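What follows is a short report on a single structure.
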Amino acid sequence: MEIERKYLLERLPEGLEQCARHEIEQGYLCREPVVRVRRQDQEYILTYKSKGLMVREEYNLPLTREAYLHLREKTDGLLITKTRYCIPLEGGLTAELDVFGGAHEGLLLAEVEFPSQEEAEKFTPPDWFGQEVTFSTRYHNSNLSKNPF
(Lines give C-alpha, C1' and ligand atoms only; values in the text may rest on other atoms or scores of the structure.)
Protein backbone atom coordinates (compact mmCIF):
# COMPACT_ATOMS: atom_id res chain seq x y z
CA MET A 1 0.00 0.00 0.00
CA GLU A 2 1.30 3.44 -0.92
CA ILE A 3 0.15 6.34 1.26
CA GLU A 4 1.57 9.67 0.15
CA ARG A 5 0.95 13.38 -0.09
CA LYS A 6 2.28 15.45 -2.99
CA TYR A 7 3.25 19.13 -3.24
CA LEU A 8 4.06 21.49 -6.12
CA LEU A 9 7.17 23.54 -5.33
CA GLU A 10 8.04 26.98 -6.64
CA ARG A 11 11.73 26.84 -5.73
CA LEU A 12 14.39 24.39 -4.65
CA PRO A 13 15.26 24.18 -0.95
CA GLU A 14 18.78 24.88 0.24
CA GLY A 15 21.26 22.09 0.95
CA LEU A 16 20.31 19.67 -1.85
CA GLU A 17 23.97 18.93 -2.52
CA GLN A 18 24.12 17.01 0.78
CA CYS A 19 21.10 14.82 -0.02
CA ALA A 20 21.05 11.39 -1.64
CA ARG A 21 19.90 11.56 -5.24
CA HIS A 22 18.75 9.23 -7.99
CA GLU A 23 18.45 9.58 -11.75
CA ILE A 24 15.09 8.25 -12.90
CA GLU A 25 13.62 7.45 -16.31
CA GLN A 26 10.14 5.96 -16.58
CA GLY A 27 7.41 5.22 -19.07
CA TYR A 28 3.87 3.87 -18.97
CA LEU A 29 2.55 0.70 -20.58
CA CYS A 30 -0.98 1.28 -19.26
CA ARG A 31 -2.74 4.04 -17.29
CA GLU A 32 -5.83 2.19 -15.96
CA PRO A 33 -4.53 0.38 -14.04
CA VAL A 34 -1.14 2.07 -14.00
CA VAL A 35 1.65 -0.19 -15.24
CA ARG A 36 5.03 1.52 -15.35
CA VAL A 37 8.62 0.62 -16.17
CA ARG A 38 11.37 2.56 -14.41
CA ARG A 39 15.12 2.84 -14.38
CA GLN A 40 16.41 4.30 -11.12
CA ASP A 41 20.16 4.64 -11.42
CA GLN A 42 21.14 1.06 -12.38
CA GLU A 43 18.00 -0.60 -10.97
CA TYR A 44 15.07 -1.63 -13.21
CA ILE A 45 11.49 -2.02 -11.96
CA LEU A 46 8.02 -2.89 -13.25
CA THR A 47 5.30 -1.26 -11.12
CA TYR A 48 1.54 -1.76 -10.85
CA LYS A 49 -0.55 0.95 -9.10
CA SER A 50 -4.28 0.85 -8.45
CA LYS A 51 -6.64 3.81 -8.74
CA GLY A 52 -6.58 6.30 -5.89
CA LEU A 53 -5.17 9.62 -4.78
CA MET A 54 -3.58 9.61 -1.32
CA VAL A 55 -3.88 5.82 -0.80
CA ARG A 56 -3.18 3.29 -3.57
CA GLU A 57 -2.07 -0.29 -3.90
CA GLU A 58 1.43 -0.56 -5.34
CA TYR A 59 3.49 -3.59 -6.35
CA ASN A 60 7.08 -3.48 -7.60
CA LEU A 61 8.83 -6.28 -9.48
CA PRO A 62 12.51 -6.28 -10.43
CA LEU A 63 13.46 -6.30 -14.11
CA THR A 64 16.71 -7.00 -15.90
CA ARG A 65 18.24 -4.19 -17.94
CA GLU A 66 17.36 -6.07 -21.12
CA ALA A 67 13.71 -6.52 -20.07
CA TYR A 68 13.49 -2.84 -19.14
CA LEU A 69 14.87 -1.72 -22.52
CA HIS A 70 12.48 -4.06 -24.34
CA LEU A 71 9.44 -2.77 -22.40
CA ARG A 72 10.54 0.87 -22.61
CA GLU A 73 10.12 0.67 -26.39
CA LYS A 74 6.47 -0.31 -25.83
CA THR A 75 5.58 2.62 -23.57
CA ASP A 76 2.90 5.06 -24.58
CA GLY A 77 3.48 8.81 -24.42
CA LEU A 78 6.41 10.79 -23.10
CA LEU A 79 9.32 9.19 -21.30
CA ILE A 80 9.65 10.99 -17.97
CA THR A 81 13.12 11.95 -16.74
CA LYS A 82 13.85 13.40 -13.33
CA THR A 83 16.40 13.71 -10.60
CA ARG A 84 15.03 12.63 -7.22
CA TYR A 85 16.51 14.08 -4.04
CA CYS A 86 15.79 12.29 -0.74
CA ILE A 87 15.46 14.94 1.97
CA PRO A 88 15.14 13.90 5.63
CA LEU A 89 12.18 15.43 7.50
CA GLU A 90 11.16 15.45 11.14
CA GLY A 91 9.63 12.29 12.57
CA GLY A 92 11.78 9.97 10.45
CA LEU A 93 9.96 10.90 7.24
CA THR A 94 11.60 11.59 3.87
CA ALA A 95 10.60 14.07 1.19
CA GLU A 96 11.29 12.78 -2.30
CA LEU A 97 11.84 15.91 -4.37
CA ASP A 98 11.59 15.34 -8.12
CA VAL A 99 13.29 17.86 -10.42
CA PHE A 100 11.92 17.06 -13.85
CA GLY A 101 13.83 17.33 -17.11
CA GLY A 102 12.94 16.93 -20.77
CA ALA A 103 9.36 17.84 -21.70
CA HIS A 104 8.65 18.68 -18.04
CA GLU A 105 11.68 20.91 -17.44
CA GLY A 106 11.04 23.25 -14.53
CA LEU A 107 8.43 21.09 -12.77
CA LEU A 108 9.25 20.49 -9.08
CA LEU A 109 7.19 18.00 -7.06
CA ALA A 110 7.77 16.70 -3.55
CA GLU A 111 6.15 13.53 -2.20
CA VAL A 112 6.13 12.18 1.33
CA GLU A 113 5.19 8.55 2.02
CA PHE A 114 3.57 7.57 5.31
CA PRO A 115 3.17 4.33 7.26
CA SER A 116 -0.54 5.04 7.85
CA GLN A 117 -3.37 7.20 6.54
CA GLU A 118 -3.73 8.73 10.01
CA GLU A 119 -0.11 9.93 9.97
CA ALA A 120 -0.57 11.32 6.45
CA GLU A 121 -3.61 13.30 7.56
CA LYS A 122 -1.76 14.75 10.59
CA PHE A 123 1.30 15.81 8.55
CA THR A 124 2.29 19.48 8.56
CA PRO A 125 4.52 20.23 5.57
CA PRO A 126 7.72 22.27 5.94
CA ASP A 127 7.68 25.91 4.86
CA TRP A 128 9.53 25.22 1.60
CA PHE A 129 6.74 22.96 0.32
CA GLY A 130 4.29 24.69 -1.99
CA GLN A 131 0.69 24.01 -2.91
CA GLU A 132 -0.61 20.55 -2.03
CA VAL A 133 -1.64 18.61 -5.14
CA THR A 134 -2.30 15.20 -3.57
CA PHE A 135 -5.89 15.16 -4.77
CA SER A 136 -5.17 16.36 -8.32
CA THR A 137 -4.67 13.61 -10.89
CA ARG A 138 -2.96 16.21 -13.11
CA TYR A 139 0.26 15.64 -11.16
CA HIS A 140 0.28 11.83 -11.38
CA ASN A 141 3.30 10.88 -13.45
CA SER A 142 1.07 8.64 -15.57
CA ASN A 143 -0.88 11.74 -16.63
CA LEU A 144 2.27 13.83 -17.06
CA SER A 145 3.44 11.23 -19.56
CA LYS A 146 0.54 12.20 -21.88
CA ASN A 147 1.59 15.84 -22.48
CA PRO A 148 4.44 18.25 -21.71
CA PHE A 149 3.81 20.20 -18.51
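The values are calculated or read from the model by the stated rules, or taken from the named source; none is laboratory data. All figures in this text were calculated on a predicted structure; none of them were measured in a lab. Because the Cβ atoms are built from the backbone with ideal geometry, glycine has one as well, and the counts that use them run over all protein chains shown. What goes into the accessible areas is simple: the full protein's heavy atoms, side chains included, and nothing from ligands, DNA or RNA. Shrake-Rupley method; radii C 1.70, N 1.55, O 1.52, S 1.80 Å.
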**Item:** the range 91-135 - convex hull of the alpha-carbon atoms, volume per residue in Å³
**Value:** 96
**Asked** Which FRET efficiency value, to the nearest 0.05, is calculated for residue 117 and residue 83 with the Förster distance at 35 angstrom and r the Cβ-Cβ distance?
**Response** 0.75
**Message:** Using a Cα-Cα cut-off of under 14 Å, which aspartates and glutamates could be cross-linked to residue 146, ignoring same-chain neighbours fewer than 8 residues away?
**Reply:** 32, 76
**Request:** For n ≥ 4 DSSP H runs only, could you compute -39500 (n - 2.57) per run for the chain, divide by its residues and tell me the 222 nm figure to the nearest 500?
**Result:** -2500 deg cm²/dmol
**Prompt:** Using a Förster distance of 35 Å, how high is the FRET efficiency between residue 127 and residue 23, based on the Cβ-Cβ distance and rounded to 0.05?
**Reply:** 0.80
**Message:** Could you report the range 1-74's accessible area per residue, 1.4 Å probe, as an integer in Å²?
**Reply:** 60
**Complete:** Percent relative contact order for the range 40-149, counting Cα pairs under 8 Å at least six residues apart, stands at 22
**Prompt:** So which GluC sites (Glu not before Pro) in the range 60-149 end up in coil per DSSP with only 12 or fewer other C-beta atoms within 10 Å?
**Reply:** 73, 105
**Prompt:** What residue among 1, 78, 20 has its Cα farthest toward the positive end of the dipole of the chain, where the charges are +1 on Lys, Arg and -1 on Asp, Glu, each on the Cβ?
**Reply:** 78
**Fill in**
The extension gain from residue 73 to residue 93, computed as 0.36 nm times the residue separation minus the Cα-Cα distance, is 3.7 nm
